[in-house]
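Asks: Questions regarding the structure given below will be posed in turn.
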Amino acid sequence: MLAADAVLDSTLFSAGEWAKARYADYSAFMDRFHLSGWRRGAVEIACEGLTIGAGVGIVALALAIPAFRETSDDWLKKQDLAVTFLDRYGREVGRRGIKHDDSIAFEELPDVLVAAALATEDRRFFEHFGVDVIGTARALAVNARADGVVQGGSTITQQLAKNLFLSNQRTIERKVKEAYLALWLESRLTKKEILHLYFDRAYLGGGAFGVQAASQFYFGKSVRDLTLAEAAMLAGLFKAPTKYAPHVNLPAARARAHDVLNNMVDAGYLTEGQIYAALRNPATPVDRAKETSPDWYLDYAYQEVKRLVDENKLGEDRVLTVRTALDLGVQQRADAVIEDELRQNGPGYKAKQAAMAAMEPNGALRALVGGRDYGASQFNRATDALRQPGSSFKPFVYLTALETGKFKPTTIVVDAPVCIGNWCPRNYKNSYAGALPLSQALARSLNTVAVRLATAIGDGSPRAGRAKIVANARAMGLTTPLADTVSLPIGAAEVTVIDMASAYCVFANGGLRAPPFAASEIMNSRGETIYRHDRDGPQPRRLFPEELIATMNSMMLQVVEAGTGGRARLDGIDVAGKTGTTNGYKDAWFVGYTGNYVAAVWYGNDDDSPMEKMTGGSLPAATWREVMAYAHQGVELKPLPGGRMGASATAAATPAPPPAAGAPLRPALLSERSAELLVDMAKAMDAALIEADKRREDAPRLAPEPASAAAAPAAPAPQPGGG
């Protein structure tokens, strides 16, 4: 043991001495690099810079990953669909796909158009690497001096990245993605290819995507034939296509073209003498002042067609004509009402955006408004924005409660303080009504009652009750996640406008699930019908007994007749619905329906900022009424299950009451059946004409060969005295 201890001690001592010697050697070596004075300071700064740089690199990589996820292997593959859209009456309303830009070779674009775009949008386009650091710094300085956004810093490559991969939402996240995707594009395309794509994909107002489509729309000619004045006006649309669209505001378009021409001189592309004639004789567009394009609707319909193609329901033909369910009159009325309300009342309520979806109870989408200005933002707030519905979600709670059999409209419920854990909901005015019938609780939109109902549905378990409510809401048409939280019964889960309208169709049609659709009929390039929604689309399926829905509707009618939705009333027409207002007044809703139409209206702000005490019973209900009053003109009123009209056969033929004095008049319309008959007659006539043409083409080939001159019999000699 002593020997072992001696060996261990000796080994440890030797190891220590060896380590000391090695440390001394290392110290002597490192002394060669010893610095002092300013040199040491420089090294310290360099080391800190490398550390910070490594950190910035890691952060940059983390930010780049979400941007690159927006791309795909076939991102540059040209869309192979060419779709012409018709409204419900067969009138062409727009195009999407290949024909929507009608791309031409870059070399065929007029030099003046290219120069005008570069001089106005990105003068350093051929010098930067996708992000113009100098231009961005200059824009920041100009905007700082002007105390507002006067000059943009996005390059053409960044704008193309946004058009190809991103939405128009003004967020920091989008700007970061835009910058990374611009670098990504620059690494894969030449400058000429980027510029060509930019000219092809940019939205230029009037429903036109790309300079060729815009040239045809505004000037009735190919982009190859544009004059200098016309090219300047077209180039001025890249910044704000709706604001400067010549068919909307010709003076503004000409003023913008004037700025573009001066930019061309400043950038050195032209001299003042060369632009003199264009300044004296500005471009005159084709008169399209009365034309509007339902762009948000067409975007939605185009996505629906693409989905049908992906599901192999449309065959191999990619040149399609789609008859949509669009009612252009209702669409234009919805656009106009929302614009008027936002212009007149929006500032007072601090509301900047709105959205609306209107459809028939069978799911036929008649109108879709995705925001205030498609030119400023193509983001569709009716289909893509997730917003809290507030109390407009409560009908799903009440329907589920009625379904249990424990409740009736006359059942007495209690409005009193209630808590689930630490969460204690309150009513809108922080007051409580005590005991009252269930129907009045819905009409007064009492939060505590909805929470108590969720607990009762789950037999004392709030979580089990919420699960049943979510199951019904999903079955009726809500497709968003619907997170299970204690506040779900009073509308905390996020939904979309079109989903809310679709779900309320179940109330309007008596308990059937009818998904929304835009494409009623699709024809191929030969005019053959290859898809009909009533034949090939999803068929309505029953979710609830009609008696249960009639009971629910009798309660929802009270919301409009004696509750929070009073401003949505229509004279002589059963109107049911529900208002919705979220915490902080960030969202205001009205979702209403009759036997003929279902519509959801939302008001709010893109940045989720609060409004000035706007409730669902104010602008949303008023907007719904203005649009629906127009939509119901001249139509045969259909009975609403549980409504005052009942479900009798005579009620189905009840004419709509005359419009109020001074209300916009809807043009006289054919009934839906009459329109279908006319379409069938037109198809029959087309088929008959085609058959007649074929017969004419075949006639010479089927006729007997004429006899030769040699075989022809001699003509009889004239007889004397013949009379």
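Asks: With an 8 Å cut-off on Cα pairs and a minimum separation of 6 or more residues, tell me the relative contact order of the range 284-386 in percent.
Replies: This gives 26 percent for the range 284-386.
Asks: Under 13 Å from the Cβ of GLY390, count the other residues' Cβ atoms, weight Lys and Arg +1, Asp and Glu -1, and hand me the total.
Replies: Cβ neighbours under 13 Å give a net charge of +2.
Asks: For the chain, what is the Kirkwood hydrodynamic radius in Å, using each pair of distinct C-alpha atoms?
Replies: After inverting the pairwise mean of 1/r, the radius is 30.5 Å.
Asks: Kirkwood Rh and Cα-based Rg: tell me the resulting Rg over Rh for the range 1-48, rounded to two decimals.
Replies: 1.42
Asks: Here's another thing I want to ask about it. Provide the packing ranking of 566-574, 185-193, 224-232, i.e. peptides ordered by the mean count of other C-beta atoms within 10 Å per residue, highest first.
Replies: Taking the mean over residues of other Cβ atoms within 10 Å, the ranking is 224-232, 566-574, 185-193.
Asks: Scattering from the C-alpha atoms of the range 359-418 alone, worked out with Debye: what is log10 I(q)/I(0) at q = 0.21, 0.25, 0.26, 0.30 1/Å?
Replies: Each listed q corresponds, in turn, to -0.99, -1.15, -1.18, -1.21.
Asks: Computed from the mean reciprocal separation of all distinct C-alpha pairs, what Kirkwood hydrodynamic radius does the range 408-535 have, in Å?
Replies: Value: 17.1 Å, from the Cα pair sum.
Asks: Over the chain, what is the mean sequence separation of C-alpha contacts under 8 Å (at least six apart), divided by residue count, expressed as relative contact order in percent?
Replies: 11
Asks: Can I ask one more? Considering only DSSP states other than H, G, I, E and B, which trypsin sites (Lys or Arg not before Pro) in the range 289-337 qualify as loop sites with at most 15 other Cβ atoms within 10 Å?
Replies: Within the range 289-337, the qualifying trypsin sites (Lys or Arg not before Pro) (loop, at most 15 other Cβ atoms within 10 Å) are LYS290, LYS313.
Asks: With a 4.7 Å Cβ cut-off, tell me which Cys residues in the chain come up empty for a partner.
Replies: CYS47, CYS505
Asks: Set the Förster distance to 51 Å, then compute FRET efficiency between GLU17 and LEU61 from the Cβ-Cβ distance, nearest 0.05.
Replies: Rounded to the nearest 0.05, the efficiency is 0.60.
Asks: I've got another one for you. With the full set of protein chains in place, find how many percent of the accessible area of the chain is carbon and sulfur; take the probe as 1.4 Å.
Replies: With neighbouring chains kept in place, the figure for the chain is 56 percent.
Asks: While we're on this one: Cross-link list LYS162/LYS306; LYS177/LYS243; LYS350/LYS468; LYS177/LYS586; LYS177/LYS429: which exceed 32 angstrom alpha carbon to alpha carbon?
Replies: Beyond 32 Å: LYS350/LYS468; LYS177/LYS429.
Asks: Based only on the alpha carbon positions, what is the Kirkwood hydrodynamic radius of the range 207-353, in angstrom?
Replies: 18.2
Asks: For the range 501-540, compute Rh as the Kirkwood radius over C-alpha pairs and then the Stokes-Einstein diffusion coefficient at 4 °C and 1.567 mPa s; write the answer in µm²/s, rounded to an integer.
Replies: Estimated via Stokes-Einstein, D reaches 112 µm²/s.
Asks: Could you tell me the extents of the range 165-286's C-alpha atoms along the three principal axes, largest first, rounded to whole Å?
Replies: Cα spread of the range 165-286 along its principal axes, largest to smallest: 43, 31, 26 Å.
Asks: Still on this structure, please answer the following. At a temperature of 25 °C and a viscosity of 0.890 mPa s, determine how fast the range 515-560 diffuses translationally according to Stokes-Einstein, using the Kirkwood radius over alpha-carbon pairs as Rh; express D in µm²/s, rounded to the nearest whole number.
Replies: Once the numbers are plugged in, D ends up at 178 µm²/s.
Asks: Once fully extended, how much extra length lies between TYR89 and ALA255, figured as 0.36 nm per residue of separation less the alpha-carbon to alpha-carbon distance?
Replies: 55.9 nm
Asks: Relative to the compact-globule scaling 2.2 N^0.38 Å, provide the ratio for the alpha-carbon radius of gyration of the range 336-470.
Replies: Compactness ratio reported: 1.32.
Asks: Net charge within 14 Å of PHE407 by Cβ-Cβ distance, Lys/Arg positive one each and Asp/Glu negative one each, not counting PHE407 itself?
Replies: Once all neighbours under 14 Å are counted, the net charge is +3.
Asks: Something else: Report the FRET efficiency, 1/(1 + (r/R0)^6), for ASP225 and ALA54, where r is their Cβ-Cβ distance and R0 is 41 Å, rounded to 0.05.
Replies: According to the calculation, E is roughly 0.15.
Asks: If you restrict to DSSP beta bridges whose two residues both lie in the chain, what percentage is antiparallel, to the nearest 5?
Replies: 90
Asks: What's the center-to-center distance, using Cα atoms, between the range 353-402 and the range 485-552 in Å?
Replies: 13
Asks: Kindly report the accessible area of the range 524-650 per residue (heavy atoms of protein chains, probe 1.4 Å, no ligands, DNA or RNA), in Å².
Replies: Heavy-atom accessible area per residue stands at 39 Å².
Asks: Put a dot 7 Å past each Cα toward the Cβ at GLU339 and SER27; how far apart are the dots in nm?
Replies: 8.3
Asks: Can I ask one more? Please give the net charge around LYS468, taking every other residue with its beta carbon less than 13 angstrom from that of LYS468, where Lys and Arg add +1 and Asp and Glu add -1.
Replies: So the environment of LYS468 carries a net charge of +1.
Asks: If I stretch the segment between GLU612 and THR411 completely, what's the gain in nm (0.36 nm per residue apart, minus their alpha carbon distance), one decimal?
Replies: 68.8 nm
Asks: Next up: Using amide H atoms built 1.01 Å from N in the peptide plane, name the residues 5+ places from ILE530, or on other chains, whose amide H lies under 5 Å from its own.
Replies: ILE522, MET523, ASN524
Asks: Could you name the aspartates and glutamates whose alpha carbon sits less than 16 Å from that of LYS191, not counting residues in the same chain fewer than 8 places away?
Replies: Leaving aside aspartates and glutamates fewer than 8 places away in the same chain, those within reach of LYS191 are GLU107, ASP111, GLU121, ASP122, GLU127, ASP132, ASP200.
Asks: Just to be sure I understand the model, the point goes 7 Å from the Cα along the line to the Cβ. What's the resulting ASP484 to ALA464 distance in nm?
Replies: Roughly 1.2 nm, to one decimal.
The values are calculated or read from the model by the stated rules, or taken from the named source; none is laboratory data. It should be emphasised that the depicted structure is a prediction, and the values quoted were computed from it without experimental measurement. Every residue, glycine as well, gets a Cβ built from its backbone with ideal geometry; the counts of neighbours run over all protein chains shown. To get the accessible areas, we keep the full protein, side chains included, count just its heavy atoms, and leave off ligands, DNA and RNA. Shrake-Rupley method; radii C 1.70, N 1.55, O 1.52, S 1.80 Å.
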